[in-house]
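Colleague: This is the structure, below, for whatever I ask next.
Bear in mind that the values in this text are calculations on the coordinates, not laboratory data. These numbers were taken from a predicted model, which means no experiment stands behind them. Positions of Cβ are generated from backbone atoms using ideal geometry, with glycine treated the same way; all protein chains shown enter the neighbour counts.
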Amino acid sequence: MEENNNQIQESKRPFFLSILCVAVFVYSTVFILIFLAVASYNNWIGHVLTDFFPEAKVEKSTILWLAITGFILYSLSFTGAVFIWRMKRLGIIIYIAASIMIASIPFLFGLGSIINVIVFSALIIAFIFFYRKLN
C-alpha cells in the first residue's frame with residue numbers, strides 16, 4: 001500500500017519541479033562538499049591565502065566560521081529541496097530563507113555578486129509558481 005501511495009505522490013509532482021529540485025540537489029551538494037573540505041583543510045587554506053594575499057591577514061578562525069556558515073546554509077537549501085521534492089510547503093519557506101541568506105551574506109563582506117542574486121531570485125520565483133500544488 002505504501003509503495004502505491006509513493007507512486008501516486010511522484011505522479012503529482014510536475015516535471016519542471018522535479019528538474020528544479022534535482023538542480024538544487026546537485027548545486028547544494030557540490031557546495032556542501034566544498035565547505036566541508038574548506039573546514040577540514042582550513043590550516044592549509046589559511047597558508048595559501050596568506051601566501052597569495054600577504055596584506056589581507058586572513059585568520060584561520062575566519063575561514064573556519066565561513067566554512068561552517070556555508071555548510072549550514074547550503075544544507076538548509078538542500079533540506080528545503082527535499083521537502084519540496086516530497087511536495088511539502090515548508091520546503092519553499094526553508095529554501096527561500098536559505099537562498100536569501102546565501103545571496104545576501106557575501107555583500108556584508110564586500111564579496112557579493114549580482115549574478116548570484118539573479119540566479120537565486122530566479123530559482124525562488126520558479127519554486128513559488130508551484131506553491132499551490134504543494135501540501
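Colleague: Simple spin-label model, 7 Å along Cα-to-Cβ: V22 to I100 in nm?
Modeller: 3.0
Colleague: Let me ask another. Specify the longest stretch of the chain that does not include any exposed loop site, a site being one of the GluC sites (Glu not before Pro) with a non-H, G, I, E, B DSSP assignment and at most 16 other Cβ atoms within 10 Å.
Modeller: Working: sites that count: E55, E59.
With a cap of 16 other Cβ atoms within 10 Å, the longest stretch comes to 60-135.
Colleague: Here's something else I'd like to know. To the nearest 500 deg cm²/dmol, what mean residue ellipticity at 222 nm is calculated for the chain from DSSP H runs of n ≥ 4 alone, each contributing -39,500 (n - 2.57), summed and divided by the residues?
Modeller: That calculation yields -27000 deg cm²/dmol at 222 nm.
Colleague: Given (i) 61, 31, 19; (ii) 77, 28, 24; (iii) 65, 37, 21 as candidate values of Cα extents along the principal axes in Å, which corresponds to the one derived from the coordinates?
Modeller: (i)
Colleague: Only helices at least 18 Å long along their own axis, judged from Cα atoms, and with Kyte-Doolittle mean hydropathy of -0.5 or greater: name those in the chain from DSSP H. Working shown, then result.
Modeller: Values: long enough: 15-40 (37 Å, 2.58); 60-85 (37 Å, 1.43); 90-108 (27 Å, 2.33); 114-128 (21 Å, 2.94).
Those that clear 18 Å and a mean of -0.5 are 15-40, 60-85, 90-108, 114-128.
Colleague: List the chymotrypsin sites (Phe, Trp or Tyr not before Pro) in the stretch 68-135 that DSSP assigns to loop (not H, G, I, E or B) and whose Cβ has at most 13 other Cβ atoms within 10 Å. Which are they?
Modeller: F109, F129
Colleague: Which value, in debye to the nearest 20, gives the size of the charge dipole of the chain about its Cα centre, when Lys and Arg are +1 and Asp and Glu are -1 at the Cβ?
Modeller: Here the size comes out at about 520 debye.
Colleague: What spacing in nm lies between the two simple spin-label points modelled at E59 and N135, each 7 Å away from Cα in the Cβ direction?
Modeller: 4.8
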